[in-house]
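Undergrad: My questions all concern the structure below.
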Amino acid sequence: MDNITLENTKEAVPRNRWVLLLVALVGLPAVLAALLSYLTSSNGITYCTTLNCQAFAQLLRSSINESVAPCDSFGRFVCDGWRTEHHYSVREQFYRNALESMARLTRAVEIPRAGQSAVQQVAAFYRSCDKLYETGRDDTPLVREALAEAGVLWPSRPANPVVVHTLAALALRLGWASILDIDIKTIGRKRTIVSFTTAPMFYFLHSENLRPLERLEHFNRLRDAFDNGGSGPKVSYGDIEVLENATLTNLTRASFMRGHASLGPAVLHRNPAEWNASIARFLRTGKEVQFETTSPAYVETFADFWRAQGEGDAHLLVSWHAVRFAAHFARVDLVNPSAVKRADETYGRRHICIMTLYMALGDVVFASYNAYAFTDSVRGDVKKVVLGVREALSKKMRGESAEAAGLDGWSSVERVFSVLDYSRTNPGIEQTPLPGLSDFGDVFVDNWLAALRTFELAERTPKRFLSPGTLLHSRIFEITPEVTDIALVPMALAYPFYDKAATAAVKYGGLGSHVSRASARIVLARFKNDSDDKAPHSRHLSLAAFLACIAADVAGQAEPPRHDVAEELAALLVLFDAFSEAEREDQRRLAEFPEFSSRQIFFSTWCFMRCTGQLSEPDDVDPCSAELRHVQAFSEAFRCVKGTQLNPERKCRLS
């Protein structure tokens, strides 16, 4: 059929005399409704003609490679154009765009020097970070002084290094946790739980991928900036290379391993009393102190290095990481030089500013953006998508209790919207300041330390549902294992992940796909973590068969996918069921894709959200086909011949 748009119908409309009759009979409102239907419908097919629908259709069209048959490689069919033209994945690129929108909103806030509201405090804090880059100011002396209080004298070697004290001071006093982060939870007046985890900035620093010459250049700049001219032995670049060669690979590998374990003296390396004494200098602890971790492999790896290399080298490793992160508060030219050279300077600035603000202040950082993007009508619409996906997953898991499947409490979206709802649950933030916090000024490091010390004195932490790692890796959702639920990141509301006026196909293929993936991850993790001594449930047997089927199929591929096919397929099967329900009420198509059915647009959108960029070296060029070959609805939608790559005789099913 012809592509119907506003432009190519303007001349045709006046020639229809029935328009005049409608005006006479039912008035202008009815005519407008009929006219809208006329413009967007033909032969019973309705099209979405909003600007965002048009923009998304053009975006998708520009990515499609028509020289590749969709039934041969759907990922290449959908993603070749994007990968050719963009450095970053679809998710990463539009995450960046959302950060820029947040920056614009923040810059629009009027900030008084005194009497700042919570919203103005956030804006002032953010601008102080932004100004550090824009003005080229040098706050190195302030940063160097703060580090010295924690025992970090880099590039000088301290005469009597104390690793326990430095780790505690960096994490609890300065908020610049190095190697290990330390979290304190007080239960009553007597009991304290001290939790050790991977320092968030460990991931950040080791995602830079500096080339050898850049590493040397970076070291030299930091050494020259932080050297106070004192006497004593200095650290050389060779010293750092030896340290990192000895431990970095093992630490990085261990940092991705999760679990929960209590920590005894053997693992802590130093005795609990010494740890407790150092921690108590910054935060009060009870008489009973328990040490635990959710990163046991990482903590043990660092303790082994500490034990083998001694106090001096362990302290040097901690100091080196601390200086590299603290440099972001000191001077712009001390930041990773590759960021400037690879045209990422603006994004790097936005990203580090948002991450550090969130670490200091918590969920309030996104309040202005949420008020703009997460209106009541949007909230209701997103809730419908979330619950639609969860209901579909519950049906897939029928026969097993909600608690056993990890679905207990999923009829509520309170946790899902925990960050997005901050303004609703904390009214008055546009009039009153954050409790205990003074007005913020122009110096980033001063604002950072003031916020950290306020919370330290109050013995509380800001309301914070997201981990720094979620923001660092541009994720759309956060999974909280202890409550088996997710929290959506505000960027999930950004185009093209979500648009209220989008078709059901685009809405579920976009935002819905992220919700479904997070939900499937929780259920599969729950299944994998079940103890072996439980009597196998029929649902467990079904999941086991599904996982075994996928494992065999992946192993048989000439180029096995690098991503988790089982998780993605389980999520997609659930998502399609949810979309099918929504499609009953909304079968609109995209006007720029008159040849594509609603279902074809759904699968194309789902795949487009997974498109990788030129810099995604470890990622799959085709991120979609390994899952879609097992989806009968896809094979039917694109009429893939039975027995071919994307319509195999044997499909893995989750039912």
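Each reported figure results from applying straightforward, stated rules to the coordinates on display, with no laboratory input. Bear in mind that the values here come from a model prediction, so they are computed numbers and not experimental data. Ideal geometry is used to build each Cβ from the backbone, glycine not excepted, and the neighbour counts take in all protein chains shown.
Undergrad: Can you grab the distance from the C-alpha centre of the stretch 86-121 to the C-alpha centre of the stretch 421-465, Å, no decimals?
TA: 17
Undergrad: Continuing with the same structure: Per-residue ellipticity at 222 nm for the chain, helices alone: DSSP H runs ≥ 4 residues times -39500 (n - 2.57), over residue total, nearest 500 deg cm²/dmol?
TA: -16000 deg cm²/dmol
Undergrad: Which FRET efficiency value, to the nearest 0.05, do you get for Gln587 and His563 by plugging their Cβ-Cβ distance into 1/(1 + (r/R0)^6) with R0 = 22 Å?
TA: 0.10
Undergrad: Could you calculate the contour length gain from Lys463 to Ser412, that is, 0.36 nm times the residue separation minus the distance between their Cα atoms, to one decimal place in nm?
TA: 16.4 nm
Undergrad: Quote the FRET efficiency, to the nearest 0.05, computed for Ala55 versus Asp304 with a Förster distance R0 of 41 Å and r equal to the Cβ-Cβ distance.
TA: That pair, Ala55 with Asp304, gives E of 0.20.
Undergrad: For the chain, what is the percent of antiparallel DSSP beta bridges, rounded to the nearest 5?
TA: 70
Undergrad: State the answer as a single residue: which of Ile187, Phe202, Leu132 lies farthest towards the positive end of the charge dipole of the chain, with beta carbon charges of +1 for Lys and Arg and -1 for Asp and Glu, about the Cα centre.
TA: Going by the Cα projections, it comes out as Ile187.
Undergrad: Can you grab the distance from the C-alpha centre of the stretch 469-532 to the C-alpha centre of the stretch 180-250, Å, no decimals?
TA: What the calculation gives is 31 Å, centre to centre.
Undergrad: Scan [x] 1.00; [y] 0.97; [z] 1.08 for the value of Rg/Rh (Cα atoms, Kirkwood Rh) calculated from this model and give just the label.
TA: [x]
Undergrad: Please arrange Leu361, Leu524 by counting, for each residue, the other beta carbons lying within 10 Å of its beta carbon, fewest first.
TA: The fewest-first ordering by Cβ neighbours comes to Leu524, Leu361.
Undergrad: Within the set of other residues whose C-beta is less than 14 Å from the C-beta of Phe302, count the net charge using Lys and Arg as +1 and Asp and Glu as -1.
TA: -3
Undergrad: For every other residue with a beta carbon closer than 9 angstrom to the beta carbon of Leu316, add +1 if it is Lys or Arg and -1 if Asp or Glu, then tell me the sum.
TA: Summing Lys/Arg as +1 and Asp/Glu as -1 gives -1.
Undergrad: Fewest to most neighbouring Cβ within 10 Å: what's the order for Thr84, Thr480?
TA: Least crowded to most crowded, the residues run Thr84, Thr480.
Undergrad: Stretched out fully, how many nm does the piece from Asn271 to Arg424 gain, at 0.36 nm a residue minus the Cα gap?
TA: Taking Asn271 through Arg424 to full extension adds about 50.5 nm, to one decimal.
Undergrad: Mind checking which lysines have their C-alpha under 27 Å from Lys395, skipping anything on the same chain fewer than 8 residues away?
TA: Straight-distance partners of Lys395: Lys383, Lys384, Lys500, Lys507, Lys528, Lys534, Lys651.
Undergrad: Please order Asp553, Asp363 by the number of other Cβ within 10 Å, starting at the fewest.
TA: In increasing order of surrounding Cβ atoms, one gets Asp553, Asp363.
Undergrad: Continuing with this model, one more query. Compute the helix-to-body angle for 140-149: its Cα long axis versus the longest principal axis of the chain, expressed 0 to 90° and rounded to tens.
TA: Roughly 60 degrees between the two axes.
Undergrad: Could I ask something else about it? Could you tell me what percent of the DSSP beta bridges with both partners in the stretch 140-330 are antiparallel, to the nearest 5?
TA: Here the share of antiparallel DSSP bridges comes out near 65 percent.
Undergrad: What is the angle, in °, between the Cα long axis of helix 565-583 and the longest principal axis of the Cα atoms in the chain? Nearest 10 is fine, range 0 to 90.
TA: On a 0 to 90 degree scale, this one is about 40.
Undergrad: Contour minus end-to-end for Thr432 and Val641, with contour as 0.36 nm per residue of separation and end-to-end as the Cα-Cα distance?
TA: Difference between extended and current length: 68.9 nm.
Undergrad: Within the stretch 300-336, find all residues whose amide N lies under 16 Å from a label point positioned 7 Å from the Cα of Lys131 along Cα-to-beta-carbon.
TA: 329-332
Undergrad: Under a crude label model (7 Å from the Cα following the beta-carbon direction), how far is Arg107 from Asn228 in nanometres?
TA: Once both label points are built, they end up 3.8 nm from each other.
Undergrad: By how many degrees, between 0 and 90 and to the nearest 10, does the Cα long axis of helix 513-529 differ from the longest principal axis of the chain?
TA: It works out to around 60 degrees.
Undergrad: Roughly how many Å is it from the Cα centre of the stretch 132-176 to that of the stretch 572-602, as a whole number?
TA: Result: 54 Å between the Cα centres.
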